[in-house]
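Below is one structure, written out as structure tokens; the observations come after it.
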Amino acid sequence: MMDETRVDSYIESLGSPAPAYLEELAKSAGLAGIPIIRPPMRDFLRTVILMHGPMTILEIGCAVGFSALYMREYAPEECRITTIENYEPRIAEAKANFAKYDPDSRIRLIEGDAVEIVKDLGEAYDLIFMDGPKGQYINMYEDIKRLLPPGGVLISDNILQEGDILESRYAVTRRDRTIHSRMRDYLYKLTHDEDYSTSIVPLADGASLSVRLGT
Ligand SMILES: C[S@@+](CC[C@H](N)C(=O)[O-])C[C@H]1O[C@@H](n2cnc3c(N)ncnc32)[C@H](O)[C@@H]1O
């Protein structure tokens, strides 16, 4: 039987460090209890970005801007990143971080509820990174699909919900039931959608990697 905690630690030990200012940012986010992408997810995101070379990225869930700045490091210089956050204290911190580390304003922060904001976006995005409200992925499904052209890549983070996703609805705490069933619906829909090719990647807290099919 594989010990998943040890496997996770081993994978993490093989990860590449982020640039020094981002390691500092990750450290202070960790101390403040702000959830940001874990090291294996960083490596995964970096590799996808280097392979795919997106010119436009949409991120749902900015927090204090760590992952947006991380993606900025590896995306082509002309790439523009749009990120959405609704929690005021994090918005203020993200703005300060972007002012400091994104001098040429490649990152645009939209403030507010991502579920509403995506309805009004019209631009196509080469890469969409879902790292926001897990219970709302399903409610953003059609808008995200509309914003992703053929060849576009969709990554959704934290889909395994620390293993809860495997459990029956009644085995998860009442508090987590809605999010559990919505995430299951989201994953079912995504993996059975003929307009996507999707792979579930059991990395860190789980991610899905999809490419939009068609011409
Ligand atoms: C896991 S954190 C994002 C971490 C970030 N991507 C990183 O790795 O640096 C998720 C963020 O989504 C935000 N969020 C939750 N619900 C939201 C909503 N409806 N609209 C916009 N942001 C939301 C939370 O406030 C939180 O900061």
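The values are calculated or read from the model by the stated rules, or taken from the named source; none is laboratory data. Model, not experiment: these values are computed from the prediction. Cβ atoms come from the backbone with ideal geometry, glycine included; neighbour counts cover every protein chain shown.
Would you check if there is a residue in segment 98-107 being at pLDDT 95 or above, within 16 Å of the chain's Cα centre (by Cα) and surrounded by 15 or more Cβ atoms within 10 Å (Cβ to Cβ)?
We begin by selecting, within segment 98-107, every residue at pLDDT 95 or above; these are 98-107.
Next, only the ones that are within 16 Å of the chain's Cα centre (by Cα) stay: 107.
Restricting the remaining residues to those that are surrounded by 15 or more Cβ atoms within 10 Å (Cβ to Cβ) gives 107.
Yes: segment 98-107 contains one or more residues that are at pLDDT 95 or above, within 16 Å of the chain's Cα centre (by Cα) and surrounded by 15 or more Cβ atoms within 10 Å (Cβ to Cβ).
May I ask you to verify whether Ile11 is in contact (Cβ under 8 Å) with a residue 12 or more places away in the chain and either basic (Lys, Arg) or farther than 14 Å from Val64 by Cβ (or both)? Spell out the reasoning first.
Numbers: in contact (Cβ under 8 Å) with a residue 12 or more places away in the chain: yes; either basic (Lys, Arg) or farther than 14 Å from Val64 by Cβ (or both): yes.
Criteria met by Ile11.
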>> Please go through segment 19-39 and give me each residue that is under 23 Å from Glu85 (Cα atoms) and in contact (Cβ under 8 Å) with a residue 12 or more places away in the chain, ordered by number.
In response: Tyr21, Leu22, Leu25, Ala26, Ala29, Ile34, Pro35, Ile36, Ile37, Arg38, Pro39
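Of the residues Ile34, Ile110, Ile91, only one is outside any helix (DSSP H, G or I), more than 16 Å from Met130 (Cβ to Cβ), within 11 Å of the ligand (Cβ to nearest atom) and not acidic (Asp, Glu); which? If you could, list the steps in order and put the result at the bottom.
Numbers: Ile110 fails: more than 16 Å from Met130 (Cβ to Cβ); Ile91 fails: outside any helix (DSSP H, G or I).
Criteria check complete, one pass: Ile34.
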> For segment 132-160, how many residues meet the condition of being crowded, with 20+ Cβ neighbours inside 10 Å, small (Gly, Ala, Ser) and either without any contact (Cβ under 8 Å) to a residue 60 or more places away in the chain or closer than 18 Å to Ser199 by Cβ (or both)?
Replying inline: 2
> For residues in segment 39-66 being surrounded by fewer than 24 Cβ atoms within 10 Å (Cβ to Cβ) and small (Gly, Ala, Ser), which is nearest to the ligand (Cβ to nearest atom)?
Replying inline: Ala63
> Do any residues in segment 176-190 that are in a helix (DSSP H, G or I) have Cβ atoms under 9 Å from those of residues that are surrounded by fewer than 14 Cβ atoms within 10 Å (Cβ to Cβ), where the two are at least six apart or on different chains, and which pairs are they?
Replying inline: Arg177/Arg169; Arg177/Tyr170; His180/Glu167; His180/Arg169; Ser181/Arg169; Arg184/Arg169
>> Need the failing condition index for Pro76 against (1) within 15 Å of the ligand (Cβ to nearest atom); (2) closer than 28 Å to Leu148 by Cβ; (3) more than 13 Å from the chain's Cα centre (by Cα), just the number.
In response: (1)
>> Looking only at segment 136-163, filter to residues that are part of a helix (DSSP H, G or I) and within 12 Å of the ligand (Cβ to nearest atom); which one of those is nearest to the chain's Cα centre (by Cα)?
In response: Tyr137
> Which of (1) modelled with pLDDT of 95 or more; (2) within 21 Å of Ile155 (Cβ to Cβ); (3) within 13 Å of the ligand (Cβ to nearest atom) does Pro133 not meet, given it meets every other one?
Replying inline: (1)
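Just to be sure, is Glu111 out of contact with any strand residue (DSSP E or B) (no Cβ under 9 Å at 6 or more places or on another chain) and surrounded by fewer than 23 Cβ atoms within 10 Å (Cβ to Cβ)?
Details: out of contact with any strand residue (DSSP E or B) (no Cβ under 9 Å at 6 or more places or on another chain): no; surrounded by fewer than 23 Cβ atoms within 10 Å (Cβ to Cβ): yes.
No, not satisfied.
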> Do you know which residues across segment 194-215 are closer than 30 Å to Ser9 by Cα and not in a strand (DSSP E or B)?
Replying inline: Pro202, Leu203, Ala204, Asp205, Gly206
